[in-house]
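Reading through the structure tokens given below for one structure.
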Amino acid sequence: MEIYKDINNDSNVTHYEISDIYIRVKFRGTAKIYSYSYRKAGQYHIDKMKVLAKSGDGLNSYIMLNVKNLYD
């Protein structure tokens, strides 16, 4: 997994992993890794999350507002 840059130092996301059809996310304070896929969260949301993960900003907020419970 890659370290999430968190350019504003205000995120609960610590790591992420991107594939063609999913993104896996690790949050601060938990060992669990959450997997969000095209199948469950939809391609639009996953593609947006990939962009945010690479930019190092906004991923935690996006997850909480749009796909919080749509993990596999």
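Computed from the coordinates by the stated procedures, all read-outs in this text should not be read as laboratory data. From a predicted model like this one, the values you see are computed outputs, not experimental measurements. Virtual Cβ from ideal backbone geometry, glycine too; neighbours counted across all protein chains shown.
Observations on the model:
- Between LYS32 and ILE7, the C-beta separation translates, for a Förster distance of 30 Å, into a calculated FRET efficiency of about 0.80.
- Kirkwood Rh (inverse of mean 1/r, distinct Cα pairs), the range 2-67, angstrom: 11.6
- Pairs of Cα atoms nearer than 8 Å and 6+ residues apart set the relative contact order; for the range 2-67 it is 30 percent.
- Tensor-based shape of the range 30-72 (alpha-carbon gyration tensor, a/c under 1.5 rounded, otherwise prolate or oblate): oblate
- Set of lysines with alpha-carbon distance to LYS40 below 19 Å, sequence-local pairs under 8 removed: LYS26, LYS32, LYS48, LYS50, LYS68
- The chain: calculated mean residue ellipticity at 222 nm from DSSP helix runs of at least 4, using -39500 (n - 2.57): -7500 deg cm²/dmol
- For trypsin sites (Lys or Arg not before Pro), the sites in the range 22-57 that DSSP calls loop and that have at most 15 other Cβ atoms within 10 Å are ARG28, LYS32.
- Cβ charges +1 (Lys, Arg) and -1 (Asp, Glu), total dipole of the chain, debye: 200
- Computed from label points 7 Å out along Cα-Cβ, the spacing between ASN66 and ILE21 is 2.0 nm.
- Sequence-ordered 3J(HN,Hα) estimates for the range 26-34 from the Karplus curve with 6.51, -1.76 and 1.60 and θ = phi - 60° stand at 10, 9, 4, x, 9, 8, 5, 10, 9 Hz, glycine and proline given as x.
- Label-point separation, LYS40 to LYS54 (7 Å along Cα→Cβ), nm: 2.4
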